[in-house]
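Engineer: Below you'll find the structure I mean.
The values are calculated or read from the model by the stated rules, or taken from the named source; none is laboratory data. Everything numeric in this text was worked out from a predicted model, so none of it was measured. For neighbour counting, all protein chains shown are included, and Cβ atoms are generated from backbone atoms with ideal geometry for every residue, glycine included. Side chains included, ligands, DNA and RNA excluded: accessible areas come from the protein's heavy atoms. Shrake-Rupley method; radii C 1.70, N 1.55, O 1.52, S 1.80 Å.
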Amino acid sequence: MKRSTFLLGAAAMVLTACASAPSQSALGPDGKPLPRVYRIRAGDTGRIQFRMLDAINALRQASGAPALELNARLNAAAATHARDMSVQNRPWHFGSDGSSPITRIQRAGYSGKLVGEAISETYETELETLGAWMEAPNTRTVILDPSAREMGFSWYQESNGKIWWNLILGSPGETGFIPVNAPS
């Protein structure tokens, strides 16, 4: 009996030591931890889109802007452009065919106005990407623009883990573009 109690106690101590050992992460040349690949599975789409929607709406609520709703046509335009950025191997607002965000949302059948677009090339999660967008004045202005009412959000993940994020904000109604940084 004493022997089995001793063995159980020793096993528990070993497991406790393993569980509480600090995890080692690889460090880059700058001494900071290297990014870990954020893998997105096929079934994660809805969860990720709604997590981003909730996070953006919390930020918008704090700034006094109205809440956004997901729009399937804007999601489709965002998905198409995320994949196209990967093909071009550069994050930018123009498609490989020269298309603009306005053209892409029209192709997807969206009949509202484009408020703006945020793009990113990263290995980070959607919420880390949102944090980076909120630190940049131009994307922060787009995300918090009170004229926006609808959101499209999607991504394309390469086999190496790199993610191309695309966020598109729109306003139902007239077609065109609402300049968010235009002087009044």
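Engineer: May I ask you to compute the full-extension gain from Ala72 to Glu135, defined as 0.36 nm times their residue separation minus their alpha-carbon distance, rounded to one decimal in nm?
Structural biologist: Gain on extension, Ala72 to Glu135, equals 20.0 nm.
Engineer: Starting from the Cα of Glu124, move 7 Å in the Cα-to-Cβ direction to define the label point; list residues of the range 133-166 whose amide nitrogen is under 16 Å from there.
Structural biologist: Under 16 Å, as judged by backbone N against the label point of Glu124, lie 133-141, 143, 162-166 of the range 133-166.
Engineer: Over the range 60-116, with the other protein chains present, what is the accessible area per residue in square angstrom, probe 1.4 angstrom?
Structural biologist: That works out to 50 Å² per residue.
Engineer: Here is a further query. What FRET efficiency, computed as 1/(1 + (r/R0)^6) with R0 = 25 Å and r the Cβ-Cβ distance, is obtained for Lys32 and Ile102, rounded to the nearest 0.05?
Structural biologist: 0.05
Engineer: Another question, if that's okay. Using a 1.4 Å probe over the heavy atoms of the protein chains, calculate the carbon and sulfur portion of the accessible area of the range 44-171 as a whole percent.
Structural biologist: Result for the range 44-171: 51 percent of the exposed heavy-atom area is carbon or sulfur.
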